[in-house]
Amino acid sequence: MAQLAWLIPVLPLMAALIITFLGHRLPGRGDRVGIAAVAVAFVLSVGVLLDAAGGAVASGGVTWAVHGDQALRLGYEVRGLEALMLVIVTFVSLMVHIYSVEYMHGDVRYKRYFAVLSLFTFSMLGLVLADNLLFLFVFWELVGLCSYLLIGHWYEDPANVRAANKAFLTTRVGDVGMFVGIMLLFAQAGSFRFADIAASVAAGQVSPAALTAAAILIFAGAAGKSAQFPLHVWLPDAMAGPTPASALIHAATMVAAGVYLVAKAFAIFAASAAAMSVVAWVGAVTALFAATLAVVMDDIKRVLAYSTVSQLGFMMAALGVGAYTAAMFHLTTHAFFKALLFLASGSVIHATGTQNMHEMGGLFRKLPITGWTWLVGAGALIGIPPLSGFWSKEEILIDALAANPAVFWMLLAAALLTAFYTTRATYMTFFGRPRNEAAYAKAHEGGMVMTYPLVILGALAAVAGFFAGPFSELVYYGHPHRAPFNPFVFAAATAAWVPGVLAALAVYKYDLVSRAALIRAFYPIWRLLKQRYYIDDAYNLVFVRGSLALAGIAAWFDKYVIDGIVNGVAWATGKLSESVGDFDSGVVDGAVNGIAGAFVAGGRLLRRAQTGFFQSYALAAFLGLVAGLVILVIGG
């Protein structure tokens, strides 16, 4: 089965083409084609995973270009890491495809949505299978393009267009660095293939300085895709797209791509202590930074968006401290419970017509399936045992404590805030009194097409943590590793989430502490968080307004300096031409015309002299003789 791995991305690609060109003639405008393709791809992926678990390795490829003595190839390879990602991507995509049938029903661009969704799945699967950096980069950009199309799906709203542009441009910043890093590695190792580069690094054929620079530059691309600080700003705005697409982006495709890239190229990072430190610190800072922002968000999707940024920070920090297996295990459990939470939030939004949690409340009674599954996903996100998030997060904390205690304490603080904002969102949405009677009155549970994916994802979010042992035997770097149980970390993790949950309940359920009083007491901090540390404003001032100002200066310089010089030269040339023209017509032409006129006048005189009478000619000869004598006499 592993040898058929190349077929897995081909299926959603074919679906995208069929929906695009024939969708309007097919039942459901082609949605069933997309679902069937992803379902078959998922079955194949499970087969590949089982083969990989048994130790199977598959690879293949074709040469598509030759550069000097280097052959550039389109190739794939499948080991434990790739097989795991194939299952995650196809499974979450399948759930999102099914859920979208009802959620997107009646949408004006329904066919286009499913075509792009299939293309998005194809792009991510191609990225997973790529055996070299250049091939991966092609799919990397395709993923960015698809996310742009999905975020701006409802492009009639200028805000959606701005969000799509923001995501596209921000991630391009990291991609430029990544491309430079890839070229630097190619110059050093002479190959784009991960295996060849790893061998060159192990053999010491890549200089340490170049290796560190290349690793950090590649990490810039990963930071952009996975929304790590300071390139995190695009992800919360990406909520402008349809909620099922947000679930796919946040759980299995675009944002996971950055973490996957670091894991895939781990041989490069592991050889540079400086690069590993950068990854660890950026991840830890992002985890804590994003968690503080999620605390004050009122939009349920934005809470989840900042939560995603924070959890991705956990994964990056884990990779940075060498916790390879723990990082990928958290990526796996996070894919399940974050997809669940996004689809559950979509169910709430679909039922109430609002994303503002201050207009919700009491929805558990109206949406019991959504409510129960949300509770499972929220518990996993908080890290409540025995739900999946507890196991994966605890393994990260254990490895972080052993490798870098400062990173450990930062992640622990982020875990405390995670418990607070998740409990806050849960209570404001599903419990308490309804704060918008109209929204509450019309709220009702979605159909089976929407609720079944929630139940399936909820089940996986609950039990996936129990597979930590087999997971560590499948996905590892070097040799299998699983962090041993650490009583101190368990106690610290518990001491983090329990106060977080209790503090949120004290404020939002029991009113032991007034929310208004808290805001008044900490208004400067609250305002700072509400304004997202003014980072977006700073970027807008420096990069957007700065670019506009620079463009204005360039336009002024072009208009008044460049155009002035050009116009001055043109004016001088015109005047010179006029002078030359005047000289030509007045002097040169005048002289020529004067000579011609003199000859004409002379001719006329001579013509009169030619009378044909002898007397006239005799008279002229006589006068000439007289004139000659006079001249001789006068001249002496």
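The values are calculated or read from the model by the stated rules, or taken from the named source; none is laboratory data. Just so it is clear, the model here is predicted, and its values are computed rather than measured. All Cβ positions, even for glycine, are placed from backbone atoms using ideal geometry, and neighbour counts span all protein chains on display. Just the protein is used for accessible areas: all its heavy atoms, side chains included, with ligands, DNA and RNA removed. Shrake-Rupley method; radii C 1.70, N 1.55, O 1.52, S 1.80 Å.
For the stretch 79-133, report the % of Cα-Cα distances exceeding 19 Å.
37
Could you sort 501-510, 74-83, 234-243, 485-494 so that the peptide with the highest average Cβ count within 10 Å comes first and the rest follow in order?
Result, highest mean Cβ count within 10 Å first: 234-243, 74-83, 501-510, 485-494.
Which value in deg cm²/dmol, rounded to the nearest 500, describes the helix-derived mean residue ellipticity at 222 nm for the chain, given -39,500 (n - 2.57) per DSSP H run of n ≥ 4 and division by the residue count?
Computed mean residue ellipticity for the chain: -24500 deg cm²/dmol.
At 1.567 mPa s and 4 °C, plugging the Kirkwood radius over alpha-carbon pairs of the stretch 399-515 into Stokes-Einstein gives what diffusion coefficient in µm²/s?
Answer from the Stokes-Einstein relation: 72 µm²/s.
Using per-residue counts of other Cβ atoms within 10 Å, averaged over each peptide, order 158-165, 47-54, 575-582 from highest down.
Per-residue Cβ counts within 10 Å, averaged per peptide and sorted highest first, yield 47-54, 158-165, 575-582.
Reachable aspartates and glutamates from LYS111, Cα under 19 Å, same-chain residues fewer than 8 places away excluded?
ASP31, GLU102, GLU156
At R0 = 30 Å, how high is the FRET efficiency between ASP107 and VAL176 if r is their beta carbon distance? Nearest 0.05 is fine.
The value I calculate is 0.30.
Quick one: in the chain, what % of C-alpha pairs are over 37 Å apart?
43
In the chain, what % of DSSP beta bridges are antiparallel (nearest 5)?
100
With a ≥ b ≥ c the root eigenvalues of the C-alpha gyration tensor of the stretch 11-147, is it rounded (a/c under 1.5), prolate (a/b larger than b/c) or oblate?
Oblate.
Which whole-number percentage describes the relative contact order of the stretch 356-417, with Cα contacts under 8 Å and a sequence gap of 6 or more?
Across the stretch 356-417, relative contact order equals 15 percent.
Within the stretch 296-314, list the residues whose amide N lies under 17 Å from a label point set 7 Å along Cα→Cβ of ARG435.
Only 296-304 pass the distance filter.
Over the alpha carbons of the stretch 500-569, what is the largest minus smallest coordinate on each principal axis, giving the biggest first in Å?
80, 20, 12
Give me the aspartates and glutamates in straight-line cross-link reach of LYS166: C-alpha distance below 16 Å, same-chain residues under 8 apart excluded.
Answer for LYS166, where 16 Å is the Cα cut-off: GLU141, ASP157, ASP175, ASP237, ASP536, ASP537, listed by chain and number.
As I understand it, the value is the acute angle between the Cα axis of helix 158-189 and the longest principal axis of the Cα atoms of the chain; what does it come to in degrees, rounded to 10?
90
Could you look at the stretch 485-537 and say what percent of its accessible area is carbon and sulfur, using a 1.4 Å probe and all protein chains?
That fraction is 69 percent.
Using alpha carbons only, how many degrees (0 to 90, rounded to 10) separate the axis of helix 448-463 from the longest principal axis of the chain?
70
Sort the stretch 445-573 into rounded, prolate or oblate with this rule: let a ≥ b ≥ c be the square roots of the eigenvalues of the Cα gyration tensor; rounded if a/c is under 1.5, and if a/c is not under 1.5, prolate when a/b is larger than b/c, oblate otherwise.
Cα axes put the stretch 445-573 in the prolate bin.
Let me spell out the model: positive unit charges on the Cβ of Lys and Arg, negative unit charges on the Cβ of Asp and Glu, origin at the Cα centre of the stretch 516-636. What dipole size does that give, in debye rounded to 20?
It comes to approximately 500 debye.
So for the pair ARG365, ASP582, with labels modelled 7 Å out along Cα→Cβ, what separation do we get in nm?
For the pair ARG365/ASP582, the computed spacing is 9.7 nm.
Rounded to the nearest whole Å², what accessible area per residue is found for the chain with the 1.4 Å probe?
Result: 43 Å² of accessible area for each residue.
Could you sort 618-630, 301-313 so that the peptide with the highest average Cβ count within 10 Å comes first and the rest follow in order?
Top to bottom by mean Cβ count within 10 Å: 301-313, 618-630.
On the accessible surface of the stretch 49-134, probed at 1.4 Å, how many percent belong to carbon and sulfur atoms?
Percent of accessible area from carbon and sulfur atoms in the stretch 49-134: 60.
Which net charge results for the neighbourhood of GLY432, defined as the other residues with beta-carbon distances under 14 angstrom from its beta-carbon, given Lys and Arg at +1 and Asp and Glu at -1?
+4
I need the calculated FRET efficiency for the pair HIS24 and ASP537, taking r as the beta carbon distance and R₀ as 41 Å, to the nearest 0.05.
0.40
To the nearest 20 debye, what is the magnitude of the charge dipole of the chain about its Cα centre, counting +1 on the Cβ of each Lys and Arg and -1 on the Cβ of each Asp and Glu?
In total the dipole reaches around 1120 debye.
For the stretch 308-458, with all protein chains present and a 1.4 Å probe, just round the carbon and sulfur fraction of the accessible area to a whole percent.
69
For the chain, what does the relative contact order come out to in percent, with C-alpha contacts under 8 Å and a separation of six or more?
Relative contact order for the chain comes out at 11 percent.
From the cross-link list LYS366/LYS442; LYS301/LYS530; LYS366/LYS509; LYS338/LYS530; LYS338/LYS442, which pairs have alpha carbons spaced over 21 Å apart?
Where the Cα-Cα span goes over 21 Å, the pairs concerned are LYS338/LYS530; LYS338/LYS442.
Got a sec? Charge dipole of the chain, +1 on Cβ for Lys and Arg, -1 for Asp and Glu; which of ASN160, GLY313, VAL92 is way out at the positive end?
Towards the positive end, the residue furthest out is ASN160.
In the stretch 428-578, if the dipole is taken from +1 on Lys/Arg beta carbons and -1 on Asp/Glu beta carbons about the Cα centre, which of ALA538, TRP556, VAL569 is farthest to the positive end?
Most positive-ward Cα: ALA538.
Which is farthest toward the positive dipole end of the stretch 160-309 among ALA257, SER246, ALA270, measuring Cα position about the Cα centre, with Cβ charges +1 (Lys, Arg) and -1 (Asp, Glu)?
The listed residue farthest towards the positive side: SER246.
Run the dipole for the stretch 133-288 about the Cα centre, Lys and Arg Cβ at +1, Asp and Glu Cβ at -1, nothing else charged, and hand back the magnitude in debye, nearest 20.
200
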